[in-house]
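Asks: Take this structure first; my questions come after.
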Amino acid sequence: MQGCGGVGQLHDVGGTGNGESGGLAFVPGAPRVHLRGKDRQAGLCGRQEGSLVGRGFGVVRRMVFLPKNDWQEEDLPQRKGDSDSYDEFGDLDAKEEEEKNKPKTALDLEPWEGGGGDERYHYSHPLFGDMQTPEELNEELEATGLEKHRLQLHPDEAFGSIFRYEGALVDTVEIHEKAWNMVAEEFNMTKPDRDDIIRAMAMPTEKAIQRVMYWTQDWGDTKRIAFRKAEAYYQAWQEHDHKMRDGTEEWLERLQKANIPMCLITSMDTRSINSTVEKAGIDRYFGSFVTSEDDLETREQMYLQAALRLHRPPQKCVCFDSDPEGISAAHDVSAKVVSVLGTHKAWELSTADLTVSSLDELTTYNVRRLFAAVGEGRPEEKMELEPEAKPDRWNSGPW
């Protein structure tokens, strides 16, 4: 019992009937205190060397500690779930044992336990719990009932738009370049060129320091430089004017008129991104954000979290990004992706569902066409006739 610090099994042997105040004989080595019924309600109110005293309901009872092995076989079958928790009051009864041994489902697994699911997709949600695959989220968020009927009347509202701030809305290469140059000057390193900076944007800072900048291979120095680079990036972010790409506000206005919900994802903290979009005048378009404070590690996780906040299945979401990593991540979670030219060449973005040089080239009809085949299942394979083989038995033999 936590109240007195004792360990062992507590048995009620009743009062002596001759006016004794009663007591508890403490047996060292007994594994656990076990109280049931009134004894558990009475509780333990003190402990002396080798004895405990139990009081409750105005009655003082004498009880004896016994080792676990002396009572387990006889008493355990009689216990029918009186204990609130087997961790605190004793071993499992039949019902608790059955609950413990019940096979786990995907929703019961701890993050990435037993190889269940891919760590790129893992996320936690208070309503749906831990889901391991985008397919599960597609099923949970699929519209049903009246909502499904309403979306048939307004088909555009069934979709969701996910924008990645760094790339799709604002070109952040200049911010990264300024931050890297600040760090290079402080540590007396060679300044990187633009191509190296673009390559570094697609990987963790520590990896970029060692494999792109080639500044050091010492892990301690790498972590120190990476920390300083994060500080420099935050400073450069605050000083940047954050000019939106051409056609950004026009496209956001069209989506808002079509009642298509929008979510913004970013690697910055919530306070910084709120201040930035407010200064840019686009804060009214986004009803939800996914930021660094959500503690997500991969782009796939960020897209899935955004789909949750939009209350749309990932397969009904279109992601606006500007790099190959974003294209792969969107397809991995069954979403569509529109890639914006700028940082990367067109051939590097060829796997996107749609590539545009400016967002104002888009219409809501373009978005609807991206999802034309969603829900139709796997296309039927075409049958091809094999050419008839010519018999060659006439070409062989003694004749």
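Read-outs: derived from the displayed coordinates by stated rules, not from any lab. Being a predicted model, the structure only gives us computed values, none of them experimental. Glycine also receives a Cβ, built like all others from the backbone with ideal geometry; neighbour counts cover every protein chain displayed.
Asks: Modelled label-to-label distance, GLU174 and THR190, 7 Å Cα→beta-carbon offset: nm?
Replies: 2.7
Asks: Past 24 Å, Cα to Cα, is the threshold; run LYS148/LYS257; LYS178/LYS279; LYS207/LYS279 against it and keep the listed order. Please report the intermediate quantities before stating the final value.
Replies: Values: LYS148/LYS257 20 Å; LYS178/LYS279 21 Å; LYS207/LYS279 33 Å.
Violating the 24 Å Cα-Cα cut-off are LYS207/LYS279.
Asks: Based on Cβ point charges of +1 for Lys and Arg and -1 for Asp and Glu, what charge dipole magnitude is obtained for the stretch 232-319 about its Cα centre, in debye rounded to the nearest 20? Can you show the working numbers first?
Replies: Numbers: 11 positive and 14 negative charges, 89 e Å.
That gives the stretch 232-319 a dipole magnitude of about 420 debye.
Asks: Can you compute the modelled spin-label distance between ASP156 and ASP221, with each label point 7 Å from Cα toward Cβ, in nm?
Replies: Using points 7 Å along Cα→Cβ, the separation is 5.7 nm.
Asks: If I stretch the segment between GLU297 and ASP283 completely, what's the gain in nm (0.36 nm per residue apart, minus their alpha carbon distance), one decimal?
Replies: Length difference between fully extended and current span is 2.5 nm.
Asks: Order 318-331, 185-198, 342-355 from most to least packed using the mean count of other Cβ atoms within 10 Å.
Replies: Listed from highest to lowest mean packing, they are 318-331, 342-355, 185-198.
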